[in-house]
Each structure stands twice: as C-alpha cells, then as structure tokens.
Amino acid sequence: MHYSGDSDGVLPTYGTKRWIEGLKWDKIGNYTAWVTDKQVSGFYQKYQGLDFVTIKGVGHMAPQWARKPM
C-alpha cells in the first residue's frame, strides 16, 4: 500500500498518482471513495501489486494525525 494525504504541499497527491500511473501496472477496479461515518475519508485505487490510498485532510505525516480508528 502507498498512501498520500490530500492536503500535503510537500508531497502532493497528484504527483504521487502520476508516478504510480507511470509504472503502467494494470488497474483493478475504479478510483473509489472510502467512507467513515457516512463522510468521505479519501479514495483508493487498486493496481496489480499496489494499493494507492488518499487520506482526506492530512499531509505526508498522516500516521501522526489523530483520526478515528477504522
């Protein structure tokens, strides 16, 4: 899994997404929202060999942000 906070000015999600797409790995399914308590918490895309997950409202230090456990 590779994750990216969507409000990161240092490591922007768009750049990470383009880097992953440059690998040209097959996609499995569509870019899909994941939800916590009926609120969008981010998005994910599965690839052959990798899951890319975005996390809404955090930066590249996502593990240090206090979010509700899933």
(message) So, in region 21-70, how many residues would count as being surrounded by 13 or more Cβ atoms within 10 Å (Cβ to Cβ), at pLDDT below 85 and not small (Gly, Ala, Ser)?
(response) 3
(request) Please specify each residue of region 18-67 satisfying the condition of being over 15 Å from the mean Cα position of the chain (by Cα) and in a helix (DSSP H, G or I). (result) 22, 64
(message) Contact list please: Cβ distance under 9 Å, first residue in region 36-47 and farther than 28 Å from residue 26 by Cα, second residue modelled with pLDDT under 90 and not aliphatic (A, V, I, L, M), pairs at least six apart or on different chains.
(response) 37/68; 39/56
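The values are calculated or read from the model by the stated rules, or taken from the named source; none is laboratory data. Because the structure is predicted, anything quoted here is derived from the model rather than measured. All Cβ positions, even for glycine, are placed from backbone atoms using ideal geometry, and neighbour counts span all protein chains on display.
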